[in-house]
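The values are calculated or read from the model by the stated rules, or taken from the named source; none is laboratory data. Predicted, not measured: the structure shown is a model, and the values here were computed from it. Positions of Cβ are generated from backbone atoms using ideal geometry, with glycine treated the same way; all protein chains shown enter the neighbour counts.
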Number of protein chains: 2
Amino acid sequence: MTPFRGPEELDTPCLVVDVDLLDRNVAAMAEAMRARGLAVRPHAKTHKCLQIAQRQITAGATGLTVATVAEAEVFTAAGVSDLFIAYPVWASGERGRRLRILAERASLRVGVDSIEGAAMLAGALSGTGAQVLVEIDSGHHRTGVRPAEAAGVALATARAGLRVAGVFTFPGHGYGPDRRSRAAMDEATALDQAAQALEREGLEAPVRSGGSTPTVANADPGVLTEVRPGVYVFNDAQQGELGSCSWSDVALTAAATVVSTRGSQVVLDAGSKVLGADQPGWATGSGRLLDHLDARIVALSEHHATALFPDGAPLPDRGEVVRVAPNHVCAAVNLADEMVVVSAGEVIDRWPVAARGANT
Amino acid sequence: MTPFRGPEELDTPCLVVDVDLLDRNVAAMAEAMRARGLAVRPHAKTHKCLQIAQRQITAGATGLTVATVAEAEVFTAAGVSDLFIAYPVWASGERGRRLRILAERASLRVGVDSIEGAAMLAGALSGTGAQVLVEIDSGHHRTGVRPAEAAGVALATARAGLRVAGVFTFPGHGYGPDRRSRAAMDEATALDQAAQALEREGLEAPVRSGGSTPTVANADPGVLTEVRPGVYVFNDAQQGELGSCSWSDVALTAAATVVSTRGSQVVLDAGSKVLGADQPGWATGSGRLLDHLDARIVALSEHHATALFPDGAPLPDRGEVVRVAPNHVCAAVNLADEMVVVSAGEVIDRWPVAARGANT
């Protein structure tokens, strides 16, 4: 990443996207998955940004993944025609009505993980072309059914009048050191078992969707048909520490000003309201300073990041602008109204975070 | 808190403020501090909301505290005339120009914690009526100088042509079980020592500002002149678990729909993008379900909260709307564009989070 210009140009704290690195990340994922015969349906909850969605689609994405009806509305309104809401949407009331409007405007897939949820979806979506994917728990133990239970949910969905297109899972237990390849194996096993369970009941599962940035390199093309990585467009401190990217692949940072120093401690003006507060137990801190990888962010409050430098290491001066990779870039982007876009160290644009806060 | 109406009325997830409880919290703080002779300058970073600021001022607040120049701009534009930016603002470039405009429009106080920072402030604010408070580290070890160093910074500020109005501290080390009264003692000791250090140099410190929601009950009126609590207007799961409020004082919750259940596990549609991801080591989970205090939120992802219920406890049904107190309400509010306002269980209004994302 080329350092961007200093404090006179950027009102810190702000998020800065290096578009050259972003484009490289998008192209690399598209190429790697094309070579393995896997469709890419990027998760847009990471960037929430129309300009980035367009770049992913241009690079060959089959459509977008989103987490909420509201995110789907933002991207549909901008002309994206193929969307998967990878969530067991509870389609009651107003949410059901909004879902139906979406299905009339775009090719829509929605997740389901219960017979009750399928009935609600049928109430909202019957007669539209919307398709349903059954969510499978492959080891993350959040939403999703066990593979053996997939057929029951799929049959209920089909009997309620909706088309079941297949199965999906999120191998979120791959977010940990040395867990990535194991989680990818779990993902393939669970999707395969679930697809077979559907087939035994006379249902097909042409879509077997998995993937996440840490596990996608190990996604099994013998089972999966598509992957849904999100973070890869930017990468972040978590992915760097997990080893699923190198630090030179980090395309989004927060520009932060040093406001206070004492001894080997430096305080920056980017806190949890800019970086997000996500911090898994294995993370070494609350984000990483890309130009000072030896430093650790040992404390984060709303408007302060406290970084400790090794004894004797040169410290940035008060007033200096430094680059911080957030731990979890999806959380950081969702805090910002816009991202400053740089190319070769120059600010060239500002992109709105169009679906910021689109949680409903 | 009176439960609000169900899923047909509220598009979950969303933040809901019980205005009756909010008004009770505002009045109780105003009355308690008035009885002890302490001015209240509430921290508006908690609510970022004009309607709530107005209620605090009507209840007798001497002005508002804010964390950033951008927050000050939002409240000044709405007519708030007395603001303290309790932060060692680095007043370079555009930020310096914005600060000067603020000082010309409102009674403005700004924090400082270094001689270099004082020089920058002087460049931006000389000739305005702005006042400066020296930030003191009373034990939180973030920004601020040691009490003995306060005179040096104050003298540099005064020599640069700015008026020093006193000293302030944030006893953030009081955010922990059994640490509140000790942190309040540290706060008073540090402010007293710093004020004396200024007086030895011929400077006065008429303002001695401290306080935070967990420590304000123990704020020492023999030393302090004002307190800056923020969270108290809403309270949150952290304050409940610290014992600085009771659960019936929690005025803001996220309304969340149960989307998935399995065994004693319930998954809600309010995740870290609604509740925020703050979770100190002593917290028992990632927020609390106010109607199910025995349950614990054991995992939080962007759009899922996973709650475990005790064996045999009745679970809410899929589709049911439950109330979740965020761990740290300041983080939750900053994720929302608006808050749904209820009174006696009825939705009566929606308040914009006017200063959401105002970080610069």
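Of the candidates B:VAL17, B:VAL40, B:VAL26, the single residue that is at pLDDT 95 or above and within 24 Å of B:VAL223 (Cβ to Cβ) is B:VAL40.
The lone criterion from (1) within 29 Å of A:HIS43 (Cβ to Cβ); (2) under 24 Å from the mean Cα position of the chain (by Cα) left unmet by B:SER260 is number (2).
Checked against (1) within 11 Å of chain B (Cβ to nearest Cβ); (2) of a type in the set (Val, Ile, Thr); (3) buried (at least 22 other Cβ atoms within 10 Å of the Cβ), A:THR360 passes all but condition (3). Looking across the stretch B:212-236, the residues that are closer than 22 Å to B:GLU149 by Cβ and without any contact (Cβ under 8 Å) to a residue 40 or more places away in the chain come down to B:ASP220, B:VAL223. Within the stretch B:281-312, the set of residues being of a type in the set (Asp, Glu) and closer than 16 Å to B:ALA331 by Cβ comprises B:GLU302 only.
Here the stretch A:250-299 is the region considered, the condition is being acidic (Asp, Glu) and crowded, with 21+ Cβ neighbours inside 10 Å, and the residue that is nearest to the other protein chains (Cβ to nearest Cβ) is A:ASP278.
Consider the stretch B:87-123 and keep the residues that are outside any loop (DSSP other than H, G, I, E, B) and β-branched (Val, Ile, Thr). The one that is nearest to B:GLY152 (Cα to Cα) is B:ILE115.
Being buried (at least 19 other Cβ atoms within 10 Å of the Cβ), of a type outside the set (D, E, K, R) and under 30 Å from B:GLY123 (Cβ atoms) is the requirement here; does A:VAL329 meet it? When the stated conditions are applied, A:VAL329 does not pass them. Scanning the stretch A:314-341 for residues that are more than 10 Å from every other protein chain (Cβ to nearest Cβ), of a type outside the set (A, V, I, L, M) and in a strand (DSSP E or B) gives a single hit, A:ARG323. Among the numbered conditions (1) under 25 Å from B:GLY240 (Cβ atoms); (2) modelled with pLDDT under 95, tell me where B:GLU9 comes up short. The one condition B:GLU9 does not meet is (1).
Yes/no matrix, rows are residues, columns are (1) of a type in the set (Gly, Ala, Ser); (2) at pLDDT 95 or above; (3) under 17 Å from the mean Cα position of the chain (by Cα):
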| site | (1), (2), (3) |
| --- | --- |
| B:ARG318 | no, yes, no |
| B:ASN327 | no, yes, yes |
| B:ASN334 | no, yes, yes |
| B:ALA344 | yes, no, no |
| B:ARG356 | no, yes, yes |
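Screening A:SER107, A:SER81, A:SER138 for residues that are more than 23 Å from B:VAL321 (Cβ to Cβ), in contact with a Ser or Thr (Cβ under 9 Å, 6 or more places away or on another chain) and surrounded by 24 or more Cβ atoms within 10 Å (Cβ to Cβ) leaves exactly one candidate, A:SER138. For the residues B:ARG163, B:ARG146, B:ARG95, the requirement of being more than 23 Å from A:VAL258 (Cα to Cα), among the basic types (Lys, Arg), surrounded by fewer than 24 Cβ atoms within 10 Å (Cβ to Cβ) and modelled with pLDDT of 95 or more singles out B:ARG163. Residues that are within 10 Å of chain B (Cβ to nearest Cβ), under 22 Å from A:PRO147 (Cβ atoms) and touching a residue at least 40 places away in the same chain (Cβ under 8 Å) within the stretch A:76-110 comprise A:ALA86, A:TYR87, A:PRO88, listed in sequence order. Tell me which of these A:SER181 doesn't satisfy, since it passes every other one: (1) more than 29 Å from B:PRO280 (Cβ to Cβ); (2) modelled with pLDDT of 95 or more. It is condition (2) that A:SER181 fails. For the stretch B:220-243, the criterion of a residue being away from chain A (no Cβ under 14 Å), surrounded by fewer than 22 Cβ atoms within 10 Å (Cβ to Cβ) and more than 30 Å from B:THR189 (Cβ to Cβ) is satisfied by no position.
Screening the stretch B:124-212 for strands (runs of 3 or more DSSP E) wholly inside it with 1 or more residues that are within 14 Å of chain A (Cβ to nearest Cβ) and under 30 Å from A:ILE297 (Cα atoms) returns the ranges B:131-136, B:163-169.
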